[in-house]
Amino acid sequence: MDQEMKVAYQDDLDEETLFLVSQTFKALSDPTRIRILNLLFKKEYSVNEIAETLELKQSTVSHQLRFLKNLRLVKYRREGTTLFYSQDDEHVMNMLKQTIEHANHS
């Protein structure tokens, strides 16, 4: 086992780590959240732009963004009354990108 794997591997995981890992996989198990994260991989978007681009209801997008924000997978900045969202976790985004590449490679 190489040094990087030894650092990442633990005999047992604490409850908080288990919860965060399971919630991250839960986030990535939803097609709508995957579509939103994939869109945010490229640049930031407002809620309206996400809804229009992905042809979703604004309320659906807001709900999913709230879930992703609580996991710190996305962040936002305010410009007047508009919120612009972008990705906030490069590790998870790289994992998502690799998984998409894997799926396309099959």
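None of the figures in this text is laboratory data; all of them are computed from the coordinates on show. Quick caveat, the model's predicted, so the values are computed rather than measured. When we count neighbours, we look across all protein chains shown, and the Cβ atoms used for this are built from the backbone with ideal geometry, even at glycine.
Averaging sequence separations of C-alpha pairs under 8 Å and six or more residues apart, then dividing by the length of the chain, give the relative contact order as a whole percent. After rounding, I find 24 percent.
Along the charge dipole of the stretch 16-105, Cβ charges K/R +1 and D/E -1, which of L40, L54, Y76 sits furthest on the positive end? Projecting each Cα onto the dipole axis, the largest value belongs to Y76.
Only helices enter the 222 nm calculation for the chain: every DSSP H run of n ≥ 4 contributes -39,500 (n - 2.57), and dividing by all residues gives -19000 deg cm²/dmol, rounded to 500.
Amide H to amide H, with H built 1.01 Å from N, S46 comes under 5 Å of Y85, counting only residues 5 or more places away or on other chains. Of all lysines in the structure, those lying under 17 Å Cα to Cα from K43, and not within fewer than 8 positions of it along the same chain, are K69, K75, K97. Evaluated with a Cβ-only charge set (Lys, Arg +1; Asp, Glu -1), the chain carries a dipole of roughly 600 debye about its Cα centre, given to the nearest 20.
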